[in-house]
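Novice: Dumping the structure here so I can ask a few things about it.
The values are calculated or read from the model by the stated rules, or taken from the named source; none is laboratory data. In this text the structure is predicted, and so the values were computed from the model without any measurement. As a convention, Cβ positions derive from the backbone with ideal geometry for all residues, glycine included, and neighbour counts pool all protein chains shown. Just so you know, the surface numbers come from the protein's heavy atoms only, side chains and all, with ligands and any DNA or RNA stripped out. Shrake-Rupley method; radii C 1.70, N 1.55, O 1.52, S 1.80 Å.
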Amino acid sequence: MKKITAEYRYTPEQLHNIRVLAKECGLRELTAKILFSRGVDTPEKAKRFLRPSKDNFLSPFLMRGMRELVDAVDGVKAKGGLVAVFGDYDADGIGAASILQCALERYGVRTAVHIPERSEGYGLSVAALREMIDARSPDLIVTVDCGVSNREEVEYVKSRGVRVIVTDHHELPEQLPDCTVVNPKLKDDYPYDNLCGAGVAFKAACALLGEDAYDLLDLAAVSTVADSVPLTGENRDIVAEGLKRINSRPRAALQYLLAGKEEITAQSLAFTVAPRVNAAGRMGDANCALRLFTSKDSAEIYSLACKLNEYNLERQQVCDDVYRSAKEQIAASGGAFGNIIMLCGENWSTGLVGIVAAKLAEAFTRPAVL
């Protein structure tokens, strides 16, 4: 018979600190032990964790590059120019682009947004940038949720005489693009580095609009949950405040996607909203989700929400087909008895093989590559 072994063993000093934590925060000792084991080891940290609030929001100007971003936008606004936003096709990138587009428009700046489809690949591409510059002649391109690894593409933009600012949250490469970069992982005075792309876009919105940007917290909350970043620190504040807004004054887009749900929680966002937003990108129509969050036409919003629901059902069906096809290949080869599963199918969608690979890895308890 297997024995249950405690993961944590506490020293007498730690047990004393746990009891102090429980007493000062009005917690059961077991709860205090769990918090303590997860690094929430002082009453101050526990109160911050247990009572997330917009009052804890950090100044966006602590983030390196944020002042330069606002100055650049001001320069474009003063001459009546155009800011182009370049995003990504997943729920984080779409949320980030939606937030920044809304913030820029309220700030009085003309905007254009490009969301690449999954078939174009992740991040900036010279082909997409060329098309954007030729068609729109932007004065400034701002990336959201991408760009920190696109040094060559940034050089192309600069060679066309267009300024570019990268806002991203991904890990930093050895060489940053030669432009203003806004990323919480840079060494600066910003003490929290786990924001998602939409979280960084929300901080940019706050830098432009102040507290008027807080009505974009619902979109930031959706993206934060969808991107699976830790729900600690400022992420926790963003999601808590975003959920308050969704439960009290939901925007039509989320109301339609969450139809039938009563109290909306982080789980509702993770398992109801995020899959539908991601489905648009997986099925080759990421811009449908962008329009859903930025449209002001109620009839269009309803129609787009219905379309996202349809995409999600279609995505589930196609995933089932790919999974069935993969399992048939495994069975035909005698079973998954090797160290790794490696399969291919000419008709398998690149937007869905990751989901199916994860299902196979779970089913057969070994790595899977599709």
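Novice: If residue 10 satisfies all but one of (1) crowded, with 16+ Cβ neighbours inside 10 Å; (2) at pLDDT below 95; (3) touching a Lys or Arg at 6+ places or on another chain (Cβ under 8 Å), what's the number of the condition it fails?
Specialist: Condition (1) is where residue 10 drops out.
Novice: Can I ask one more? Of everything in region 240-282, what is open to solvent by 30 Å² or more (accessible area, probe 1.4 Å), assigned to a loop (DSSP other than H, G, I, E, B) and either closer than 20 Å to residue 300 by Cα or modelled with pLDDT under 95 (or both)? Give them in sequence order.
Specialist: Once the filter is applied, which keeps residues that are open to solvent by 30 Å² or more (accessible area, probe 1.4 Å), assigned to a loop (DSSP other than H, G, I, E, B) and either closer than 20 Å to residue 300 by Cα or modelled with pLDDT under 95 (or both), region 240-282 yields 249, 250, 251, 259, 260, 261, 262, 263.
Condition check ((1) without any contact (Cβ under 8 Å) to a residue 40 or more places away in the chain; (2) of a type outside the set (Phe, Trp, Tyr); (3) crowded, with 23+ Cβ neighbours inside 10 Å; (4) closer than 18 Å to residue 68 by Cβ) across all residues:
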position	(1), (2), (3), (4)
147	no, yes, yes, yes
152	yes, yes, no, no
170	yes, yes, no, no
173	yes, yes, no, no
182	no, yes, yes, yes
220	no, yes, yes, no
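Novice: Condition (residue is at pLDDT 95 or above, of a type in the set (A, V, I, L, M, F, W, C), open to solvent by less than 50 Å² (accessible area, probe 1.4 Å) and assigned to a loop (DSSP other than H, G, I, E, B)) applied to region 137-145: is it met by at least one residue?
Specialist: no
Novice: Can I ask one more? Identify the residue in region 354-370 that is part of a helix (DSSP H, G or I) and touching a helix residue (DSSP H, G or I) at 6+ places or on another chain (Cβ under 7 Å) and, among all such residues, is farthest from residue 276 (Cα to Cα).
Specialist: Once the filter is applied, the top-ranked residue is 360.
Novice: A further question on this structure: Can you name the residue in region 286-330 that is open to solvent by 50 Å² or more (accessible area, probe 1.4 Å) and of a type in the set (A, V, I, L, M) and is also nearest to residue 368 (Cα to Cα) among such residues?
Specialist: Selected residue: 313.
Novice: Still on this structure: Hey, residue 336 hits all of (1) open to solvent by 40 Å² or more (accessible area, probe 1.4 Å); (2) over 24 Å from residue 90 (Cβ atoms); (3) not in a helix (DSSP H, G or I) but one; which does it fall short on?
Specialist: So residue 336 meets the others, but not (1).
Novice: Scanning for something in contact (Cβ under 8 Å) with a residue 24 or more places away in the chain and either at positive phi or of a type outside the set (Ser, Thr, Tyr) (or both), does region 8-16 turn up at least one residue?
Specialist: no
Novice: Can you tell me which of (1) open to solvent by less than 10 Å² (accessible area, probe 1.4 Å); (2) part of a helix (DSSP H, G or I); (3) over 20 Å from residue 72 (Cα atoms) is the one residue 195 doesn't meet?
Specialist: For residue 195, the failing item is (2).
Novice: Can you tell me how many residues in region 13-60 are under 25 Å from residue 210 (Cα atoms) and open to solvent by 40 Å² or more (accessible area, probe 1.4 Å)?
Specialist: 8
Novice: Exactly one condition in (1) free of Cβ contacts under 8 Å to residues at least 12 places away in the same chain; (2) under 18 Å from residue 165 (Cβ atoms) is false for residue 127; which is it?
Specialist: For residue 127, the failing item is (2).
Novice: Taking residue 346 and the conditions (1) of a type in the set (D, E, K, R); (2) open to solvent by 40 Å² or more (accessible area, probe 1.4 Å); (3) assigned to a helix (DSSP H, G or I), which numbered condition does it fall short on, given that it satisfies the others?
Specialist: Status for residue 346: all satisfied but (3).
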